[in-house]
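Taking it in order: structure first as structure tokens, then the write-up.
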Amino acid sequence: MTTTERNMMGKITFYEEKNFQGRSYECMSDCSDMSSYLTRCQSCRVESGCFMVYERNNYMGQQFFMRRGEYNDMQRMMSMGMMFDNIRSCRMIPYHRGQFRMKIYERENYGGQSNEMMDDCDNIQDRYRMSDCQSCNVMDGHWLMYEQAHYKGRMMYMRPGEYRSFKDMGMSGMRFMSMRRIMESM
């Protein structure tokens, strides 16, 4: 396997203690339940690729995007926008080559105003005059959707597929106001 292929795969290591101490768990793919490997996660190191980490098992609850780098304690991660204090599952985000396309809808079940996007949007209110986004269809690429404009607040990872209702996905009460493509150079 070449270095390029390894970097495209992704590798993250989770540690039970701050500063990369204690028991560790190395992961190169999705993991729906880390509790059999670690009792808690207080630091992690992303050696390659990008990952979405989740507050609960089975990719549920709050989400946080992690790219290559060292995260030596939960306080640092929380200062970067992570809104939970323990990681229970993770999903590797595959590297995408090619175009990015997503159609966003103002209401559930693809209702209301719609707009097709091919690049990042820091504020759907300003760009499209949309006050909310409650469903979408991701045709190409992997995206992050943010609760607030300018890529702030809680986030949700979207991979290719149809998303009829964010509320039915456990995102009740959340409005998505900005979207960003997940690219190697983010």
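The values are calculated or read from the model by the stated rules, or taken from the named source; none is laboratory data. Since this is a predicted model, take the numbers as computed values, not measurements. Virtual Cβ from ideal backbone geometry, glycine too; neighbours counted across all protein chains shown. For accessibility, only protein heavy atoms count, side chains too; no ligands or nucleic acids. Shrake-Rupley method; radii C 1.70, N 1.55, O 1.52, S 1.80 Å.
General remarks:
- Helical contribution to [θ] at 222 nm, DSSP H n ≥ 4, -39,500 (n - 2.57), averaged over the chain, rounded to 500: -2000 deg cm²/dmol
- Using only Cα coordinates, the Kirkwood hydrodynamic radius of the range 71-154 works out to 14.8 Å.
- Those aspartates and glutamates that a straight Cα-Cα span of less than 20 Å connects to Lys103, excepting residues fewer than 8 apart in one chain: Glu116, Asp119, Asp120, Asp122, Asp126, Asp132, Asp140, Glu147, Glu162, Asp168
- Whether the range 30-91 is rounded, prolate or oblate, judged on the alpha carbon gyration tensor where a/c under 1.5 counts as rounded: rounded
- Taking label positions 7 Å along the Cα-Cβ direction at both Ser131 and Arg164, the computed distance is 2.6 nm, reported to one decimal.
- Amide H to amide H distances under 5 Å link Lys11 with Glu47, Ser48, Gly49, where only residues 5 or more positions off or on other chains count and H is placed in the peptide plane.
- As a rough guide to protection, the peptides 128-137, 77-86, 12-21 ranked by mean Cβ packing within 10 Å, highest first, stand as 128-137, 12-21, 77-86.
- For the range 61-69, 3J(HN,Hα) per residue [Karplus equation, 6.51 cos²θ - 1.76 cosθ + 1.60, θ = phi - 60°, Hz, x = Gly/Pro]: x, 4, 10, 8, 8, 10, 10, 3, x
- Count Lys and Arg as plus one, Asp and Glu as minus one, and take only other residues whose Cβ is under 13 Å from that of Ser131; the net charge is then +1.
- Spin-label pair Ala149-Asp73: with each label point 7 Å from Cα along the Cα-Cβ axis, the two points sit 3.6 nm from one another.
- Accessible surface of Tyr110 - all protein chains present, 1.4 Å probe, nearest 10 Å²: 50
- Projecting label points 7 angstrom from Cα along Cα→Cβ for Met118 and Thr13 puts them 4.2 nm apart.
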